[in-house]
1. Limited to the range 195-236, what total is found for residues that are more than 20 Å from Ala180 (Cβ to Cβ) and assigned to a loop (DSSP other than H, G, I, E, B)?
2. Looking at Tyr178, Tyr203, can you tell me which residue is of a type in the set (Phe, Trp, Tyr) and either in contact with a Leu (Cβ under 8 Å, 6 or more places away or on another chain) or over 18 Å from Glu254 (Cβ atoms) (or both)?
3. Of the residues Asp170, Asp119, only one is more than 27 Å from Ala38 (Cα to Cα), in contact with a His (Cβ under 8 Å, 6 or more places away or on another chain), part of a helix (DSSP H, G or I) and assigned by TED's automatic domain parsing to the domain that holds Asp200; which?
4. Under the condition of being part of a strand (DSSP E or B) and hydrophobic (A, V, I, L, M, F, W, C), which residue from the range 86-112 is nearest to Ala36 (Cα to Cα)?
5. So, in the range 174-195, of the ones that are buried (at least 20 other Cβ atoms within 10 Å of the Cβ) and within 14 Å of the ligand (Cβ to nearest atom), which residue ends up nearest to His221 (Cα to Cα)?
6. When residues of the range 216-228 are filtered for being touching a residue at least 24 places away in the same chain (Cβ under 8 Å), surrounded by fewer than 19 Cβ atoms within 10 Å (Cβ to Cβ) and among the aliphatic types (A, V, I, L, M), how many remain?
7. Can you say whether Ser231 is farther than 20 Å from Glu152 by Cβ and either within 13 Å of the ligand (Cβ to nearest atom) or surrounded by fewer than 18 Cβ atoms within 10 Å (Cβ to Cβ) (or both), as far as the supplied structure shows?
Amino acid sequence: MGIMLHQSRLWTSNPATFRMYPYGGLMIRPAKLADAIADYIEKMILEGVLRPGEKLAAERELSEKLDVSRPSLREALDKLQGKGLLETSKAGTVVAQFLSPLSRPLAELFADKPRVTADYFEYRRIIEGQAALLAATRATDVDRAALKECRERIRRAHDLDDPTEESSADADLHLLVYEAAHNVVLLHVMRVFSELLRNDVLYNRNQLYRRFGVLDQLLKHHLAIADAILSGDGKAAEKAASDHMKYTFETIEEIRRDEARVEVSLRRVSRSDLLAGG
Ligand SMILES: [Zn+2]
């Protein structure tokens, strides 16, 4: 007799992170139940249905919903913990930040290097455009609902003049586009970059948001990207995403140039202090 596993809702305790598992149910043979459960969860992590940092439902609740014994479930969770995909503490079991080992050396490599920033934006312009194009053709109803919700979050944060929330929703919107592109390689690689961005490794996002007029411009871009994907217009989505990266890079460069100018002026002031008769 087989057991049906249904949707990812079963796995997460947070309803806001609810995402339908696109492959529907999975038949599981009791003989290798623990392995089958582990494989199933692993697949959901690989496909980005379960995201790093998300908390699984409590063991008792999970075993009830899946109608599997707690020892089998525990064995499956242990297996995934051994692989570094899950982390268990007193607070419960969460999907591990399993990409962090990759992002740490990248962060050191990329820190404070203008040339790397230029290469990064060139790369992102290509990837972001392609991801938006794919998302426009591949987004499922679940992806679309998440995109709509995030679009409203950005709009709300903008109206409330809350740049911290707006920047967080900004990063989330891009992640949702990668998810909607349904390419797992793209998704995981871009997740690493997203972490670097959130930690201001490549540039200071606060500085960007504080610059006059930037937030209004970014809002327009984000709405254009979301709208084009939601209306299934791949070309428009690609252009909006690529324009967004071009503008962001140019603004970062402008900020750098302004800073350099201020530094030179400051040096001039201290020069006159150092000279006789100043
Ligand atoms: Zn953005």
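1. So the answer is 9.
2. Values: Tyr203 fails: either in contact with a Leu (Cβ under 8 Å, 6 or more places away or on another chain) or over 18 Å from Glu254 (Cβ atoms) (or both).
Within the list Tyr178, Tyr203, the selection yields Tyr178.
3. Values: Asp119 fails: in contact with a His (Cβ under 8 Å, 6 or more places away or on another chain).
That would be Asp170, the only listed residue that is more than 27 Å from Ala38 (Cα to Cα), in contact with a His (Cβ under 8 Å, 6 or more places away or on another chain), part of a helix (DSSP H, G or I) and assigned by TED's automatic domain parsing to the domain that holds Asp200.
4. Let us first name the residues in the range 86-112 that are part of a strand (DSSP E or B), namely 86-89, 92-95.
Those still in the list that are hydrophobic (A, V, I, L, M, F, W, C) too: 86, 94-95.
Numbers: Leu86: 16, Val94: 19, Val95: 18 Å.
Looking at the filtered set, the residue picked out is Leu86.
5. Once the filter is applied, the top-ranked residue is His174.
6. Residues in the range 216-228 being touching a residue at least 24 places away in the same chain (Cβ under 8 Å), surrounded by fewer than 19 Cβ atoms within 10 Å (Cβ to Cβ) and among the aliphatic types (A, V, I, L, M): 2 in total.
7. Numbers: farther than 20 Å from Glu152 by Cβ: no; either within 13 Å of the ligand (Cβ to nearest atom) or surrounded by fewer than 18 Cβ atoms within 10 Å (Cβ to Cβ) (or both): yes.
No.
Listed here are the residues, each with its yes/no results for (1) over 30 Å from Phe212 (Cβ atoms); (2) touching a residue at least 60 places away in the same chain (Cβ under 8 Å).
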site	(1), (2)
Ala132	no, yes
Thr140	yes, yes
Ala145	yes, no
Thr164	no, no
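The values are calculated or read from the model by the stated rules, or taken from the named source; none is laboratory data. Since this is a predicted model, take the numbers as computed values, not measurements. No Cβ is skipped: glycine too gets one built from the backbone with ideal geometry, and neighbour counts run over all protein chains shown.
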